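Heads up: the structure comes next, in structure tokens.
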Amino acid sequence: MTSAATWTSFIKSIASYNGDISSLTAPPFILSPVSLTEYSQNWSEHVDLLVEPNFITENDASKLGASAGEPIELLRMLAVIRWFVSTLKSQYSSRSEELGSEKKPLNPFLGEVFVGKWEDASKEGKLGETILLSEQVSHHPPITAYAVENKKNNTILEGYNGVRASMATTALNVRQYGHAMLEFRNFNENYLITLPPLHIEGLLAFSPHVELEQKSYIQSSTGYYTVFEYSGKGYFSGKKNSFKARVYKNFEESKKKENALYTISGQWSEKSNIAKGASSPSSKNDLFFSARECEAQHLKVKPMEEQHPLESQKAWAQVADAIRKGDYDLIHNAKSELENAQRELRKTEEANNAKWNRRWFDEVDYSAKAATDDDIFVKLSKMANLSIKNVVSGIDADSSKNDEVETMSHWRFVPENFDNETEIKI
Ligand code: 1KG
């Protein structure tokens with residue numbers, strides 16, 4: 001069967017599917033040789049922008065497109081927004097750009113890890129090294145936890161991600177669970193970042209690609225609060241990968257759009273502009289970020305022969321090779337071998353009443369903390385009126401969806417576990 005015919009029959013086969021993407025057997029030509037644990041690197045392919053808030057001073061207003069005299073905390077929120085916008089192309093459109101379409105990532109096994117580092121690419125040597133730790137902390141449902149740490153500037157990003165998907169008429173709707181938290185320890189400032197809903201369009205046209213939709217939020221411990229709205233081709237702006245971000249003094253102020261201090265809008269995969277106040281900037285306003293002009297810095301990963309068996313690229317090497325060769329039988333055999341080995345592991349654990357120990361992350365039950373304010377996640381969620389339950393990322397605390405869920409457990413980085421790590425080298 002031609003690949004177009006195979007694809008069409010595949011799309012028909014998933015028309016009524018709903019739930020765990022990993023249960024789908026997509027045609028080999030849409031499979032990616034890359035595992036989802038590798039996607040955590042997309043949070044930091046612009047290390048300079050991630051670390052920038054450490055170097056911001058009052059005089060930097062103009063380079064952020066802000067007017068002089070703005071509070072330093074507002075400038076730092078703008079710098080965090082610029083970093084967040086810079087992650088979106090890596091996260092959501094890099095594969096379509098490099099490979100011609102979105103691909104289906106390998107479904108990580110429990111305990112799979114992916115690590116690497118970004119070396120200091122600055123001329124002044126002010127960035128220092130940044131490391132990535134990514135670990136598959138759950139297989140059913142698939143959940144990846146990650147930490148990006150820049151010790152020289154006391155800056156750490158940590159978070160986790162799980163997805164649920166369901167087929168709509170012509171698109172695959174994807175909802176993200178989890179969040180990211182960014183901490184600048186030099187000045188004790190934290191940011192809570194929610195994950196946008198997305199859908200995969202172009203399925204019938206046999207060229208699947210991601211489009212972001214609805215909203216996501218950034219809440220700072222300084223009070224500043226940003227609302228992102230996403231849209232694609234055919235929406236109000238008509239261009240693909242469009243977004244509009246409005247920055248407010250705090251959540252309360254965001255109740256009225258005209259209270260916006262700044263508005264940033266454009267395309268997250270191309271250019272965006274910034275203007276003071278609530279009106280949408282045009283390309284005549286100050287340029288805020290240009291994805292094309294800021295080359296992504298790719299993570300440095302050690303050679304396969306130096307990798308531990310649990311490291312993603314080593315563990316999936318045979319399957320990845322088979323996918324690159326398009327050898328359908330080899331893909332099936334290599335995948336089954338890995339998956340059978342995992343099933344045996346689970347059975348042994350069950351027999352010994354043992355359970356797989358997570359390496360660098362812990363699942364924290366927040367039901368005991370919900371009433372307190374000393375936990376930064378609880379504090380920032382309350383400031384932004386966000387649910388702290390295991391609901392879709394960015395759900396309002398007053399939403400009826402909140403009542404459908406009881407659990408509130410979240411994956412948290414345990415630095416001392418990594419400090420005591422003896423087997424996995426960066
Ligand atoms: C299986 C789909 C893949 C997605 C949706 C998995 C999750 C990926 C996430 C949300 C993970 C967290 C990252 O920070 C951001 C991110 C980016 C891309 C998301 C993946 C896109 C992939 O599309 C896959 C489905 C579409 C098509 C390629 C194959 O069709 C099917 O296999 C039908 C399910």
Can you work out ³J(HN,Hα) from phi for every residue in segment 179-194, in order, using Karplus 6.51 cos²θ - 1.76 cosθ + 1.60 and θ = phi - 60°, giving whole Hz and x for Gly and Pro?
-> 6, 10, 10, 10, 10, 10, 6, 4, 9, 6, 10, 10, 10, 9, 10, 8
Segment 231-287 and segment 159-213 have their Cα centres apart by a whole-number Å value of 19 Å
Scan around Val364 for amide H atoms under 5 Å from its own, H built in the peptide plane at 1.01 Å from N, and keep only partners 5 or more places away or cross-chain.
-> His410, Trp411, Arg412
From DSSP H assignment alone, runs of 4+ in the chain each adding -39500 (n - 2.57), the sum over residues rounded to the nearest 500 puts [θ] at 222 nm at -6000 deg cm²/dmol
Among Ala371, Ala291, Ala15, determine the one that fluctuates most according to a GNM of the chain built with springs between C-alpha atoms less than 10 Å apart.
-> Ala371
Name the shape class, rounded, prolate or oblate, that the alpha-carbon gyration tensor gives for segment 299-368, where a ≥ b ≥ c are the square roots of its eigenvalues, rounded holds for a/c under 1.5, and otherwise prolate holds if a/b is larger than b/c and oblate otherwise.
-> oblate
Bins of 10 Å from zero: percent of alpha-carbon pairs in segment 366-426 | 20, 42, 19, 16, 3
When a/c is below 1.5 the answer is rounded, else prolate if a/b is larger than b/c, else oblate, so apply that to segment 287-426 with a ≥ b ≥ c taken from the square roots of the Cα gyration tensor eigenvalues.
-> prolate
Compactness ratio of segment 49-152: Cα Rg over 2.2 N^0.38 Å, N = residue count?
-> 1.37
Please work out whether segment 229-274 counts as rounded, prolate or oblate from its C-alpha gyration tensor, where a ≥ b ≥ c are the square roots of the eigenvalues and a/c under 1.5 means rounded, while otherwise a/b larger than b/c means prolate and anything else oblate?
-> prolate
Starting from the alpha-carbon convex hull of segment 103-242, give the projected area averaged over all orientations, in nm².
-> 11.0 nm²
Given charges of +1 on the Cβ of Lys and Arg and -1 on the Cβ of Asp and Glu, with all other atoms neutral, how large is the dipole of the chain about its Cα centre, in debye to the nearest 20?
-> 1200 debye
Heavy atoms only, probe 1.4 Å: what % of the accessible area of the chain goes to carbon and sulfur, would you let me know?
-> 51 percent
Note, segment 38-54: 3J(HN,Hα) by Karplus (6.51, -1.76, 1.60, θ = phi - 60°), whole Hz, Gly/Pro = x, goes 6, 5, 4, 5, 5, 7, 8, 8, 10, 4, 4, 6, 5, 8, 3, x, 5
For the chain, what is the accessible area per residue in Å² when the probe is 1.4 Å?
-> 45 Å²
Taking only the alpha carbons of segment 113-183, the radius of gyration and the largest Cα-Cα distance, Dmax, both in angstrom, are 16.2, 52
Only Lys, Arg, Asp and Glu count, each charged at its Cβ (+1, +1, -1, -1), so figure out the dipole size of segment 152-250 about its Cα centre, rounded to 20 debye.
-> 200 debye
Express in nm, to one decimal, how much length is gained between Glu349 and Lys152 on full extension, taking 0.36 nm for each residue of separation and deducting their alpha carbon distance.
-> 66.9 nm
Provide the descending list of Cα extents for the chain along its principal axes, expressed in whole angstroms.
-> 63, 50, 50
What number, in percent, do you get for the relative contact order of the chain if the mean sequence gap of Cα pairs under 8 Å and at least 6 apart is divided by its residue count?
-> 15 percent
Cross-link partners of Lys89 among aspartates and glutamates (Cα-Cα below 12 Å; sequence separation of 8 or more within a chain) = Glu45, Glu97, Glu98, Glu211, Glu270, Glu295
Exceeding the 28 Å Cα-Cα cut-off - candidates Lys126/Lys233; Lys126/Lys300; Lys63/Lys215; Lys215/Lys335; Lys63/Lys249 | Lys126/Lys233; Lys215/Lys335
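The values are calculated or read from the model by the stated rules, or taken from the named source; none is laboratory data. Everything quoted here is computed from the prediction, not taken from an experiment. Methodologically, a virtual Cβ is constructed for each residue, glycine included, from the backbone with ideal geometry; neighbour enumeration extends over all protein chains shown. Side chains are part of the model used for accessible areas, which takes the heavy atoms of the whole protein and leaves out ligands, DNA and RNA. Shrake-Rupley method; radii C 1.70, N 1.55, O 1.52, S 1.80 Å.
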